[in-house]
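Student: Got a structure for you, written out below as structure tokens; questions coming shortly.
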């Protein structure tokens, strides 16, 4: 039997208003094992903590129950307090009588009764608590960043700045991501390339950063502080170390009609290509789907013109194995496909384009060298209609239920820049509502409306129909004027919703990191731990966690880096002792637990056991890696024999709590 | 068939492929069949039988047998092969130490079923396609299989062997024999009627543990009912709640792993239709997670221990009104 002290907190009036704290401490004083019971206004205050410490010393308490707010709030505080006077911190339990009691009840009698029951359950649990010791595991001082967009770049730069090695894995031939395709950035209108490419070069030149471009993750094993990763470096058929990026091959290659993904297929590149002038690494890549040499063994022109002798048609995929202490996911986003939105006629006319395509059409490095021309006939458009929320905030099932966040601002930017450069152009923007929170954002949007004379019309576009004469009929409703509009447009720009990159889902499975229903990575806590995944050692950077503009992405990227640095500076990690443990004598070796473990913490070993008749027997038994186990308890439920148990939350402890709650008094 | 099996067993024993044979032998009466391990040809000649009474599923005995040295020959009826696969999936038996021979089965009967038909003094049994021919001290009598088959054989799920090293006789097909009809009837009852049904059945339980001991899914190193620390270990049910709980806990423990071999009901001395509890789980799993047959393959991830995005939401269970 433990010697238990009970401490009931008033939380000012938060608890005391709906719970009779005196009655609770009096009732709990009568529970078996309770030798001391009291209540106090603020148990978490220094005076409150001293009250607990003194009682532990004076009464020789072996167990402590705090009736207060949620353990998520102050469990750590109280555990630290009792540890300072020599009690094992895991001998303390918190009964949540605030969030789960006083805040949700109005009637004091009911609240008091429930608080007593919750306290009784915690006391029953403490009776079965055992002192637990936290273990240690070493930390590999190297980080992996998955995705080389602005998020990944910023995270990598910040981690390298702190002196740690960082590897960036980028699936495309160059780092830079979506930002390389953007022309200007809101709200200051500086050129995206001008602010991004120096960072890309910094990455390439930083000796702490290694870039694996044209590479993908193949396998992830291990746990926080000690991940083993296999990276598949795809064959680019060009020796990266020899290629000087002169670009001679890309002008001589006879395969001229390869759709250029950098310009979203609006112009062509060769089969050997460098995505754009500022690519990092600036190395050519051969597209095996189009290269005649790789497909048919005929041509070899690029090898002939390459002065550096960098072309290698026999190059193979290469698997690199590396160990990391932390992994940052920065897989970014893509605009959704618009084939489900026939009403906007995206597939019917070349002159109905997405906003990202619009960026390329206005970019000096784009297919039109920065002059805004219609893709169909190369003429100047005189009436442009922007449609917002295409697939965003869509509960019909065709699109995405969430707000894509960036569209209002970039549409204002597009509209403003168009009016600036081509004042003879009529620009219409159809919106549900304009969302412009953020520093200098609303001012930016107001400038588009007030200074640049963009026609902002509240209402959705019903139909976009291309006409034989090249005009595009836009039918829409103006909700404020309550009238139907028919606009003859030359160009229609659709603000397509954004979605997580398709590579994110399989990656999440590999990392055992959780995702929401939209395939955005879930953060450990929406407010308090926004850049960490619930899986220890996995961090989130940028739009893989939710729609974000560049300033938000960079902030989050640096925040993720700070968290990674905080992890990597440690030589050893203290592990959570509340982990699963298998009773080897009872384990059947059936693998049920291994199958349900979301963290891959359970392995099986063949172990020799002495039998009662003095013979030995080799048995297959489960073994939990305490550094990987997150204490979720799934295995304890799956185990058919009850061999698996969770330390600190054992089946017997939980049953004791249930019994205490169900007990009639 | 018994002759073929005997010859093959002797061959494998004499050429050293196996050093033991797991089969059946008669007890005091011909219908009191027990599983038995034979180590020599003489032992086989003296005791080995295979007939209409040999219902026992031998796969479970391999858990202990494969801990021993040498390879063992086992004869598996189609429904036994499902248990065999499930045990392999759960790493409970060592495939390397087993030579499995699949044997056909046209349904089994029992001494009790025949005695209930007024047949006594049974001294032997043989069968043709539709009938059991029973020898008694009063002479020979014929019973239609339709009248004398065990319940599990009437609703046989499969005559196909899903695991074997070699096969004697013809392999059969997976059958659709309406095995969930009775479960559907129970589901259609009101909760009170259903509770009354189960109270009547489970109140007969004498806690002999035969169902657990014979169940091929119950192979835990230490059963929770034998573990004082589990909080539910008892040797006898103290009240009606405990009578119910024993069987409900057992059904939960084998949920998703039960192959529906029907051994539990076959061995129950009180004739409690225990298989219905397991079948309810199987029916639910089929309906909620798509058709799944435990033991159909080795190593498949069972629906209850495998999360997929397509998994049913808890709300669906509410839509079904708890049925």
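Student: I'd like the full set of residues that are away from every other protein chain (no Cβ under 14 Å), under 21 Å from residue B:56 (Cα atoms) and in a loop (DSSP other than H, G, I, E, B), limited to segment B:206-221.
Tutor: B:207, B:208, B:209
Student: State the number of residues belonging to segment A:566-616 that are in a helix (DSSP H, G or I) and buried (at least 17 other Cβ atoms within 10 Å of the Cβ).
Tutor: Result for segment A:566-616: 7.
Student: Can I ask one more? Of everything in segment B:70-119, what is assigned to a loop (DSSP other than H, G, I, E, B), within 14 Å of another protein chain (Cβ to nearest Cβ) and touching a residue at least 12 places away in the same chain (Cβ under 8 Å)? Give them in sequence order.
Tutor: Within segment B:70-119, B:90, B:92, B:93, B:94 meet the criteria.
Student: Follow-up. Filter segment A:656-665 for residues that are within 14 Å of chain B (Cβ to nearest Cβ) and surrounded by fewer than 17 Cβ atoms within 10 Å (Cβ to Cβ) and give the result.
Tutor: Hits for segment A:656-665 are A:658, A:659, A:662.
Student: Might you check whether a residue that is more than 19 Å from residue B:90 (Cβ to Cβ), at pLDDT below 90 and surrounded by fewer than 18 Cβ atoms within 10 Å (Cβ to Cβ) occurs anywhere in segment B:161-169?
Tutor: Yes, segment B:161-169 contains a residue that is more than 19 Å from residue B:90 (Cβ to Cβ), at pLDDT below 90 and surrounded by fewer than 18 Cβ atoms within 10 Å (Cβ to Cβ).
Student: Filter segment A:456-491 down to the residues that are without any contact (Cβ under 8 Å) to a residue 40 or more places away in the chain and more than 20 Å from residue A:433 (Cα to Cα), then identify the one that is nearest to the chain's Cα centre (by Cα).
Tutor: Ranking the qualifying residues of segment A:456-491, first place goes to A:473.
Student: I want to confirm something. Restricting to segment B:39-69 and keeping residues that are assigned to a loop (DSSP other than H, G, I, E, B) and touching a residue at least 60 places away in the same chain (Cβ under 8 Å), which single residue is surrounded by the fewest Cβ atoms within 10 Å (Cβ to Cβ)?
Tutor: B:51
Student: Now, a different point. So which strands (runs of 3 or more DSSP E) are wholly in segment A:395-500 and hold at least 3 residues that are at pLDDT 95 or above, buried (at least 20 other Cβ atoms within 10 Å of the Cβ) and touching a helix residue (DSSP H, G or I) at 6+ places or on another chain (Cβ under 8 Å)?
Tutor: Of the strands (runs of 3 or more DSSP E) lying wholly inside segment A:395-500, those with at least 3 residues that are at pLDDT 95 or above, buried (at least 20 other Cβ atoms within 10 Å of the Cβ) and touching a helix residue (DSSP H, G or I) at 6+ places or on another chain (Cβ under 8 Å) span A:426-431, A:491-496.
Student: Test residue A:596 against the stated conditions and say whether it is away from chain B (no Cβ under 14 Å) and within 30 Å of residue B:256 (Cα to Cα).
Tutor: In short, no.
Student: Considering every residue within segment B:264-275, establish whether at least one is buried (at least 20 other Cβ atoms within 10 Å of the Cβ), within 12 Å of another protein chain (Cβ to nearest Cβ) and modelled with pLDDT of 90 or more.
Tutor: There is no residue in segment B:264-275 that is buried (at least 20 other Cβ atoms within 10 Å of the Cβ), within 12 Å of another protein chain (Cβ to nearest Cβ) and modelled with pLDDT of 90 or more.
Student: Then there is this: For segment A:511-543, how many residues are out of contact with any strand residue (DSSP E or B) (no Cβ under 7 Å at 6 or more places or on another chain), outside any loop (DSSP other than H, G, I, E, B) and closer than 20 Å to residue A:219 by Cα?
Tutor: Summing the residues that are out of contact with any strand residue (DSSP E or B) (no Cβ under 7 Å at 6 or more places or on another chain), outside any loop (DSSP other than H, G, I, E, B) and closer than 20 Å to residue A:219 by Cα in segment A:511-543 gives 0.
Student: Please specify each residue of segment B:222-241 satisfying the condition of being part of a helix (DSSP H, G or I) and either more than 9 Å from chain A (Cβ to nearest Cβ) or farther than 19 Å from residue A:128 by Cα (or both).
Tutor: Matches in segment B:222-241: B:224, B:225, B:226, B:228, B:240, B:241.
Student: Let me ask something else about it. Output the residues belonging to segment B:129-144 that are touching a strand residue (DSSP E or B) at 6+ places or on another chain (Cβ under 9 Å) and exposed (fewer than 13 other Cβ atoms within 10 Å of the Cβ).
Tutor: B:130, B:137, B:140, B:142, B:144
Student: Take residue A:561 and decide whether it is at pLDDT 95 or above and over 30 Å from residue A:73 (Cβ atoms).
Tutor: Judged against the criteria, residue A:561 is not a match.
Student: Residues to consider are A:29, A:83, A:95, A:76; find the one that is at pLDDT 95 or above and more than 18 Å from residue A:121 (Cα to Cα).
Tutor: Just a single option satisfies the conditions, and that option is A:83.
Student: Being over 14 Å from residue A:9 (Cβ atoms), modelled with pLDDT of 95 or more and not in a loop (DSSP other than H, G, I, E, B) narrows it down to one of A:126, A:140, A:65, so name that one.
Tutor: A:126
Student: In the list A:513, A:508, A:557, which residue meets the criterion of being within 12 Å of residue A:328 (Cα to Cα), surrounded by 21 or more Cβ atoms within 10 Å (Cβ to Cβ) and within 14 Å of chain B (Cβ to nearest Cβ)?
Tutor: It is A:508.
Student: Here's something else I'd like to know. Run down A:596, A:637, A:579 and say which single residue is at pLDDT 90 or above, closer than 30 Å to residue A:75 by Cα and out of contact with any strand residue (DSSP E or B) (no Cβ under 7 Å at 6 or more places or on another chain).
Tutor: When all the criteria are applied, what remains is A:637.
Student: Would you check if residue B:19 is touching a residue at least 40 places away in the same chain (Cβ under 8 Å) and under 30 Å from residue B:255 (Cα atoms)?
Tutor: Criteria not met by residue B:19.
Student: Within segment A:316-337, is there a residue that is farther than 29 Å from residue A:519 by Cα, surrounded by fewer than 22 Cβ atoms within 10 Å (Cβ to Cβ) and more than 35 Å from the chain's Cα centre (by Cα)?
Tutor: no
Student: Against the conditions (1) touching a helix residue (DSSP H, G or I) at 6+ places or on another chain (Cβ under 9 Å); (2) closer than 16 Å to residue A:145 by Cα; (3) at pLDDT 95 or above, where does residue A:533 fall short? Just the number, please.
Tutor: All conditions are met except number (3).
Student: Now for a separate question. If a residue must be more than 9 Å from every other protein chain (Cβ to nearest Cβ) and over 12 Å from residue A:593 (Cβ atoms), how many such residues does segment A:619-655 contain?
Tutor: Residues flagged as more than 9 Å from every other protein chain (Cβ to nearest Cβ) and over 12 Å from residue A:593 (Cβ atoms) within segment A:619-655 amount to 12.
Student: For segment A:181-220, how many residues are without any contact (Cβ under 8 Å) to a residue 12 or more places away in the chain, more than 25 Å from the chain's Cα centre (by Cα) and part of a helix (DSSP H, G or I)?
Tutor: Matching residues across segment A:181-220 total 3.
The values are calculated or read from the model by the stated rules, or taken from the named source; none is laboratory data. Predicted, not measured: the structure shown is a model, and the values here were computed from it. Don't worry about glycine lacking a Cβ; one is built from the backbone with ideal geometry, like all the others, and counts go over all protein chains shown.
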